[in-house]
Each structure stands twice: as C-alpha cells, then as structure tokens.
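Notes to accompany the following structure.
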Amino acid sequence: MYKQAMELDVAPWWQTGVVYQIYPRSFQDSNGDGVGDLPGIAARLDHLASLGVDAIWISPFYPSPMKDFGYDVSDYTDVDPLFGTVADFDRLLAAAHERGLAVIIDWVPNHTSDQHSWFLASRSSRDSPQRDWYVWRDPKPDGSLPNNWLSAFGGPAWTWDERTRQYYLHTFLKEQPDLNWRNPAVRRAMLDTLEFWLERGVDGFRIDVAHAVMKDPELRDNPPAPAGRRDFHKDMGAYGTQLHIYDRGHADTHLVYRDVRRLLERYSGTRARVSIGEIHLFDLAELVAYYGAELDELHMPFNFTLLNVPWTAEAVRSTVDEMEAALPAGAWPNWVLGNHDESRVASRIGAAAARSAMLLLLTLRGTPTMYYGDELGMEDVPVPPELVQDPWGKNVPGLGLGRDPERAPMPWDGSPNAGFTRLGVKPWLPLPPDAATRNVEAEAAKPESMLTLTRSLLAVRRAHPALQRGSYRPVAEAPAGVFAYERALGDERLLVLVNFLPTPADVRVTGIARPLVSTHVEPVVRSGACALRPHEGVVLEMG
C-alpha cells in the first residue's frame, strides 16, 4: 500500500491511507531498560499490519539529552542509543515496507538541543562562523530582555549567555535554542538532514511546530491577547496572555516549505514522499495557507480542530463543514483526535463516545491519524508527582499541562508488565491500571472490544473507495444530536450516522440500506429507519 500508484486517477498512499502514531518510548521495550525502542517497534509490526493501518509515524528517536524527550535534537542524522542504532532503523524500515507500511519520521526544524555541535560552536564566541546559526541579541540599553517574547514552557524566551554577553532565543526550553532560518547555511544544513533519511528510504516527515521557524526579522514585541481570545490549543499560563504574531508564522515561513516540497518531489519517483506539519493555528485561513497557493508547500498541515470543540453533533458538524469550506481547491484534508501532547480521546469524551469517535475519524473525508493505544480505548494514566517526567508539567505547575498521562506504555498482554518490558523491570512511566484486562491479547478475543471495532472499521474503509477518496456531503435532515453525512464515489454511496447523545435516536433512511459496520456489533436497521443506540455510530451502504 505504501507504494505510489502510477495511474493518474489513483490517489497517492498518503491520501487513501491511515497513519498510526508511535511514541517510541512507550510502544515496546526490547532490551529490558524500561524504555521502548526501534527493535521493539519492529517486533510489533504484525499488530499494525493486522490492524489495517497504512503508515506509521514515529516520534523523535535522534540523539538527545532528553530534556524534552527527543524534541531537543543533538544530531539529526543518527539514532540515540536509548532507541537503538541506524542499522536498527534500517531494519525497521525494511520490515515495515515488507508489510506494506509506510514510515514517517519526526523532523524538528525550529530548534536544536543546546548540546548540538552547531550550538556549541555558535556559543563558543561571537566570532564563531556558526554564531549566526542561532538567534543572538544584545540586551536593550536599559539591560532588559531583547523583547517580550515568552517560552511556551514557561518564563521568557531569552536566556543570557555569560560567556559571550548576549541573549539567545528559545521558543521552548532554554536547552532548545532556536535556529536562525534566515541564514542560508542553516537552511542548507537542515535540508541535508532530510536528505539523509530520504536516501535511507523514509516515506515522509511530520514537521514539529512547523509554523515557528520564521520569526519577525525586527523581533517586535507581541501584543497582549484580548480577554477570551484563544491563541493556542490549551490554557498555557502566561504564554497564552500574548498574541503570538511576531514570534512565529512570518510570511517567509512559506518559502521554507516550498524548499522542503521541492526536495520531497525529487525523491517521489516510484512512491510519493509526504510532509505533514504540526501547526497549532485555529484561524482556518492561516492554517490552510500552509498548503501553499499552488499546493506547493506542505501536503497536509495537521488539522487539530476536533481536539477541543464541544463533543456535540452540532459543534463537530460545524467544525467539519468549516474546514471543508476553507480548503483550497485540490487540497486534501486530514483529521486527528489524539497525540502525544493531548489528553486521550477516551478520557476527554468518555469510553462510549470514544467508539463512535473512532468511527467518525475513519470515515470523514481526509487522512486520519490514530494515536497508539486508541485502538484499545486507552485512557489517561494517573502519574503521581514523584514519577512525573514531562518538563512542561514541571516548569508550569498547577495548570495540568504535563503530558505523561497520555504517554503511558502500550499494554500487550495480561502479564505483570503487560508485555511492554521484561518482568522485574520498571517501565519509564506507570502502566495503565487496567492493563491486565485492556490489552491487545485480551481485546483481540472479544468481538465487542474497541480493538475488534477498530479492525472492522479499517477493513470497511479499505474495502470501500468512497471512504478513502470519495466526496463528503452533510445530511441536513438528521435529528438533533446526530451527525449524518454521505461519502460517495462513482456509483458507491455510503451513509454515516453518529449519535452523540447518551439516549437513543431514530434516523429516517431513504432507499435500501445495507449495514457495513456499527459500534454496537449489530446495528438495528428497519424499513425506512435506523435505530441508533446511545453513542452509536453506523456506516450504511445505500442502494
């Protein structure tokens, strides 16, 4: 499936497929150190192939001091020994391709670790040839910070370097200095890091904080955020008090991704290479601009709009319709319900609603991205204060920003360590408290389990082209509390019904309806109507 179809009328794999995100620390430990690794992922590829996904996205595995668990990169062209070796990656890539799975890896262009050789050279002297590879500034005449920019992880975005008597910029931790993408040498070096992995055969990149790489060249102060203005995806303390119009998203950012796109096109011979940008923007016009005016930038800016809307049929339908309307002609949508930075969907909306949310995710028009463990209905795992790992939670206490609960190890079986690591080894984060019963082995044997449902949904999606690349049309006649929409391609017409209510709902159905899948094992379809149970989702083939 990862191979690019050569026929002009067939969509590339990244449009028809389903992406599965793996947080490598938490997927499978192969060597007994309590932390997941690349050989562990390779050992579990058969689960992903049998699940029915088409691509895996692996969060960072580069050498790193792990101040932000790999998002502080000290070498873009190697593998941290914690996760294995480059040879391990090559074996994982080959094994994935043998199973028809594409491999997408993280790329972190905004910043490096302060231990990266580039920053060590830059910091060594004001006269260093690499001084301008990062953003250095003198204090203001009164000795204060260069401007009012804030770090997303708490405190100012500037740290004083005593040796060279200047401040350096860091959008995140002080151990994550921002690269200066206005320096052509930086741009060449970073594109070279992409080429290193493209030469090895990777199928694409998920680009971390993609819209942050280019800042205002004048470094102007951010204005205050008006009361009630949501300028980010969650309450981020002081960071949320500013409108971040100068410290990210400068118009020159689009030039960067045109360069990235041209590079990927060079490698898209027998199969397409894809770029997916992490862009936390909620102004849809700003977000979709990253497709490019000529669809020549990112293949898909990640669409996070469903993560924080009220979980009602009306709010979700409005969100979907607004996104569909905002897309440039020919642009391909995508949908996300969870990732390593967000509370798990089952914890946000409840276990029953999470089943219909999975059906929604896998039947909307566009490319879905699943988060590991959501196929089991995993929930956030409580982490006691003494076991907290996430620097965000440590640096901005009291706001619940820690991301450890959604990063708990994957439970594979009912053994004491859930098959994640060897007996007697302490996992890096606590296992889910229900791991003995909610695990891959246990759920595979239950026809009513979330895992069985997810496999069924993915099989239906794979079998019906209308779900992969068909049109989307909302159905206005649906009763209150039900989101109904049609997916159609050629002569195939499918009707999707999702009941958001904790009470039953009857939906009138015109024509012959053949049930394909339901979140309740067997749907109730009578002549002219479908009786939806609480939080039930159904896909019907219409004749």
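Overview of values
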{"item": "Selected residue (only one of Glu278, Glu265, Glu322, Glu294 is surrounded by 13 or more Cβ atoms within 10 Å (Cβ to Cβ) and among the charged types (D, E, K, R))", "result": "Glu278"}
{"item": "Any pair with Cβ under 6 angstrom, 6 or more apart, that starts in region 515-543 at a residue that is without any contact (Cβ under 8 Å) to a residue 24 or more places away in the chain and under 14 Å from Val496 (Cβ atoms) and ends at one that is surrounded by fewer than 17 Cβ atoms within 10 Å (Cβ to Cβ) and of a type outside the set (A, V, I, L, M, F, W, C)", "result": "Pro523/Pro515; Val525/Pro515"}
{"item": "Residue list for region 122-136, filter: assigned to a loop (DSSP other than H, G, I, E, B), touching a residue at least 12 places away in the same chain (Cβ under 8 Å) and over 10 Å from Pro177 (Cα atoms)", "result": "Ser125, Arg126, Gln130"}
{"item": "Meets criteria (in contact with a Pro (Cβ under 9 Å, 6 or more places away or on another chain) and of a type in the set (Phe, Trp, Tyr)) for Trp197", "result": "no"}
{"item": "Residues of region 306-318 satisfying the condition of being within 30 Å of Val103 (Cβ to Cβ) and modelled with pLDDT of 95 or more", "result": "Leu306"}
{"item": "Close pairs (8 angstrom Cβ cut-off, 6 or more residues apart or separate chains): among the polar types (S, T, N, Q) in region 300-316, in a loop (DSSP other than H, G, I, E, B) anywhere", "result": "Asn303/Pro333; Asn303/Gly366; Thr305/Phe282; Asn308/His233; Asn308/Lys234; Thr312/Gly481; Thr312/Phe500"}
{"item": "The lone exception for Val256 - which of (1) hydrophobic (A, V, I, L, M, F, W, C); (2) within 27 Å of Val135 (Cα to Cα); (3) modelled with pLDDT under 95 it fails", "result": "(3)"}
{"item": "Search result, residues across region 215-248 that are modelled with pLDDT of 95 or more and within 21 Å of the chain's Cα centre (by Cα)", "result": "Arg248"}
{"item": "Counted residues, region 238-271 - those being more than 22 Å from Val186 (Cβ to Cβ), touching a Gly at 6+ places or on another chain (Cβ under 8 Å) and either of a type in the set (A, V, I, L, M, F, W, C) or assigned to a loop (DSSP other than H, G, I, E, B) (or both)", "result": "1"}
{"item": "Members of region 198-222 that are part of a helix (DSSP H, G or I) and surrounded by 21 or more Cβ atoms within 10 Å (Cβ to Cβ)", "result": "Ala210, His211, Ala212"}
{"item": "Matching residues in region 54-88 - criterion: being more than 17 Å from Ser26 (Cα to Cα), surrounded by 23 or more Cβ atoms within 10 Å (Cβ to Cβ) and of a type in the set (A, V, I, L, M, F, W, C)", "result": "Ala55, Val73"}
{"item": "Where a residue in region 196-211 is closer than 20 Å to Thr369 by Cβ and its partner, wherever it lies, is in a helix (DSSP H, G or I) and among the acidic types (Asp, Glu), with Cβ under 9 Å and at least six apart", "result": "His211/Glu286"}
{"item": "Cβ pairs under 6 Å, 6+ apart, first in region 425-451 and at negative phi, second polar (S, T, N, Q)", "result": "Pro427/Thr421; Glu443/Ser449"}
{"item": "Selection count where residues are among the hydroxyl-bearing types (Ser, Thr, Tyr), in a strand (DSSP E or B) and more than 20 Å from Asp127 (Cα to Cα), scope region 145-168", "result": "0"}
{"item": "Selection status of Val525, at pLDDT 95 or above, β-branched (Val, Ile, Thr) and either within 18 Å of Leu359 (Cα to Cα) or surrounded by 14 or more Cβ atoms within 10 Å (Cβ to Cβ) (or both)", "result": "no"}
{"item": "Residue check, Ala436 hydrophobic (A, V, I, L, M, F, W, C), surrounded by 15 or more Cβ atoms within 10 Å (Cβ to Cβ), farther than 30 Å from Ala488 by Cα and over 24 Å from the mean Cα position of the chain (by Cα)", "result": "yes"}
{"item": "Among the candidates Leu501, Leu495, residue that is out of contact with any helix residue (DSSP H, G or I) (no Cβ under 9 Å at 6 or more places or on another chain) and touching a residue at least 12 places away in the same chain (Cβ under 8 Å)", "result": "Leu495"}
{"item": "The lone exception for Phe302 - which of (1) touching a strand residue (DSSP E or B) at 6+ places or on another chain (Cβ under 8 Å); (2) at positive phi it fails", "result": "(2)"}
{"item": "From Arg261, Arg273, residue being out of contact with any helix residue (DSSP H, G or I) (no Cβ under 7 Å at 6 or more places or on another chain) and either at pLDDT below 95 or farther than 25 Å from Asp321 by Cβ (or both)", "result": "Arg261"}
{"item": "Residue within region 514-527 that is in a strand (DSSP E or B), among the hydrophobic types (A, V, I, L, M, F, W, C) and over 33 Å from the mean Cα position of the chain (by Cα) present", "result": "yes"}
{"item": "Selection from region 107-121 of residues that are outside any loop (DSSP other than H, G, I, E, B) and in contact with a Pro (Cβ under 8 Å, 6 or more places away or on another chain)", "result": "His111, Phe119, Ala121"}
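One line per residue, one yes/no per condition, for (1) out of contact with any strand residue (DSSP E or B) (no Cβ under 7 Å at 6 or more places or on another chain); (2) modelled with pLDDT of 95 or more; (3) of a type in the set (D, E, K, R):
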| residue | (1), (2), (3) |
| --- | --- |
| Met323 | yes, yes, no |
| Ala326 | yes, yes, no |
| Val336 | no, yes, no |
| Arg344 | yes, yes, yes |
| Ala353 | yes, yes, no |
| Met370 | no, yes, no |
| Met378 | yes, yes, no |
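The values are calculated or read from the model by the stated rules, or taken from the named source; none is laboratory data. Being a predicted model, the structure only gives us computed values, none of them experimental. As a convention, Cβ positions derive from the backbone with ideal geometry for all residues, glycine included, and neighbour counts pool all protein chains shown.
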